[in-house]
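Visitor: What follows is a structure written as structure tokens; I'll ask about it next.
The values are calculated or read from the model by the stated rules, or taken from the named source; none is laboratory data. Keep in mind that what you see is a predicted model, and the values were worked out from it rather than measured. For neighbour counting, all protein chains shown are included, and Cβ atoms are generated from backbone atoms with ideal geometry for every residue, glycine included.
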Amino acid sequence: MRSIQRLRFLSSPYLLSRFTPNSLPFTSSSSFPHALIEPTTSTTAATSLTQEELTQINLLIPRLCSSGHLKEAANLITTTFLTNPSLESISVSIFIHRLSLEPNLTQPMYFLNRLKYTPKTQSFLLPICKMLVSLYFRNREATKGLKIFHWVSRPDFPCPVDYGLCAILVNGFCKNGMVVEGLKVLRMMVVGDLKVGGEVRMWVYRSLLREARIKEAQELNEALKCVENGGKGNEEVVALLDNIISNWIE
């Protein structure tokens, strides 16, 4: 009973009227049978959750996923994030995997936009994007990864894009033959003053060679190495990337 009272912010009369105990695979002994939420615009953090409450939420998330109630799962996770739990303490990976199987981006973008427009959950955006994009590339759905890249590239994206996400994008695009897109991510890294590093540099270099862009591969590789060694400014690399991209598109 105490758990239900503490998690009242997760409850919704509207959703309670839509679900019965038989519609979701709960047991009659569950102390948390209806912890579903509607979208909320509240940014006030709730009190910390107990381990028991986290366990109940983690049991509920896969049940919502398996029954196709992805918006309810997104709302539950977003509201749970308001309590600032560690990402590892929530069974988010199950939900993200389920989202990655959707035929389009409607449900994934619903969740990402919930996080984006709820200020206290924005810190979870980049880790979630990394998980989702990695699955898209693994599933050979690079075009969905491209759409996520375009989304995080918008001026209103609330978080600075970090090396980890850029590295996943560059590697994924290069492996899927989308070299121009990989170059655009590389450009974003250079403009954002992110250290490119040898790994990303070699992914791009080898991809350009596979496309028989030998001159461009050599010039870009040398320019990036010069930046790493402090011998060339980012502006020159950006200009070189712009030239390669524009010539490729033409």
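Visitor: Within the stretch 155-188, how many residues turn out to be under 19 Å from Glu216 (Cα atoms) and not charged (D, E, K, R)?
Guide: Taking the stretch 155-188 and keeping what is under 19 Å from Glu216 (Cα atoms), we get 170-171, 173-175, 177-188.
Filter once more, so that each one left must be not charged (D, E, K, R): 170-171, 173-174, 177-180, 182-183, 185-186, 188.
The qualifying residues number 13.
Visitor: With the condition being in contact (Cβ under 8 Å) with a residue 60 or more places away in the chain, I'd like the helices (runs of 4 or more DSSP H) fully within the stretch 95-199 carrying at least 2 qualifying residues. Can you show your working first?
Guide: Working: elements: 106-116, 125-138, 142-152, 163-175, 179-191.
Correct list: 179-191.
Visitor: Take the conditions under 19 Å from the mean Cα position of the chain (by Cα) and either of a type in the set (Asp, Glu) or loosely packed, with under 15 Cβ neighbours inside 10 Å (or both) and apply them to Asp193. Does it pass?
Guide: On the way: under 19 Å from the mean Cα position of the chain (by Cα): no; either of a type in the set (Asp, Glu) or loosely packed, with under 15 Cβ neighbours inside 10 Å (or both): yes.
The answer is no for Asp193.
Visitor: Let me ask something additional. Give me a count of the residues in the stretch 241-250 that are in a helix (DSSP H, G or I) and either of a type in the set (Gly, Ala, Ser) or surrounded by fewer than 16 Cβ atoms within 10 Å (Cβ to Cβ) (or both). Working first, answer last.
Guide: Step one: list which residues in the stretch 241-250 are in a helix (DSSP H, G or I), which gives 241-249.
Subset that is either of a type in the set (Gly, Ala, Ser) or surrounded by fewer than 16 Cβ atoms within 10 Å (Cβ to Cβ) (or both): 242-243, 246-249.
Of the residues in that region, 6 qualify.
Visitor: Of all residues in the stretch 191-213, count the ones that are small (Gly, Ala, Ser) and at pLDDT 95 or above.
Guide: If we filter the stretch 191-213 for residues that are small (Gly, Ala, Ser), which is where we start, we get 192, 197-198, 207, 212.
From what's left, at pLDDT 95 or above: 207, 212.
Residues in the stretch 191-213 being small (Gly, Ala, Ser) and at pLDDT 95 or above: 2 in total.
Visitor: Could I ask something else about it? Go through the stretch 180-189 and give me each residue that's buried (at least 22 other Cβ atoms within 10 Å of the Cβ) and β-branched (Val, Ile, Thr).
Guide: First, the residues of the stretch 180-189 that are buried (at least 22 other Cβ atoms within 10 Å of the Cβ): 181-183, 185-186, 189.
Passing the criteria: only Val185.
Visitor: Applying the selection to the stretch 177-223, what residues are among the acidic types (Asp, Glu) and either under 14 Å from Ile245 (Cα atoms) or touching a Cys at 6+ places or on another chain (Cβ under 8 Å) (or both)?
Guide: Taking the stretch 177-223 as the starting set, the residues that turn out to be among the acidic types (Asp, Glu) are 181, 193, 199, 211, 216, 219, 222.
Of everything in the stretch 177-223, those that are among the acidic types (Asp, Glu) and either under 14 Å from Ile245 (Cα atoms) or touching a Cys at 6+ places or on another chain (Cβ under 8 Å) (or both) turn out to be Glu181, Glu211, Glu216, Glu219.
Visitor: In the stretch 153-167, which residue that is over 13 Å from Lys184 (Cα atoms) and buried (at least 19 other Cβ atoms within 10 Å of the Cβ) is nearest to the chain's Cα centre (by Cα)?
Guide: Initial filter on the stretch 153-167 (over 13 Å from Lys184 (Cα atoms)): 154-165.
Then keep just the ones that are buried (at least 19 other Cβ atoms within 10 Å of the Cβ); that gives 161, 165.
Values: Val161: 11, Leu165: 8 Å.
Among those that are over 13 Å from Lys184 (Cα atoms) and buried (at least 19 other Cβ atoms within 10 Å of the Cβ), it is Leu165.
Visitor: Would you point out the residue of the stretch 216-240, among those that are surrounded by fewer than 14 Cβ atoms within 10 Å (Cβ to Cβ) and farther than 21 Å from Asn171 by Cα, that is modelled with the highest pLDDT?
Guide: Out of the qualifying residues, it is Ala239.
Visitor: How about the stretch 61-94: which of its residues are closer than 21 Å to Cys159 by Cβ and either part of a loop (DSSP other than H, G, I, E, B) or in contact with a Gly (Cβ under 6 Å, 6 or more places away or on another chain) (or both)?
Guide: The answer is Leu82, Thr83, Asn84, Pro85, Ser86, Ile90.
Visitor: Then there's this: Taking the stated definitions as given, is Ser30 in a loop (DSSP other than H, G, I, E, B), in the same structural domain as His150 (by TED's automatic domain parsing) and modelled with pLDDT under 95? Quick ask: steps written out before the conclusion?
Guide: On the way: in a loop (DSSP other than H, G, I, E, B): yes; in the same structural domain as His150 (by TED's automatic domain parsing): yes; modelled with pLDDT under 95: yes.
Taking the combined requirement at face value, the residue satisfies it.
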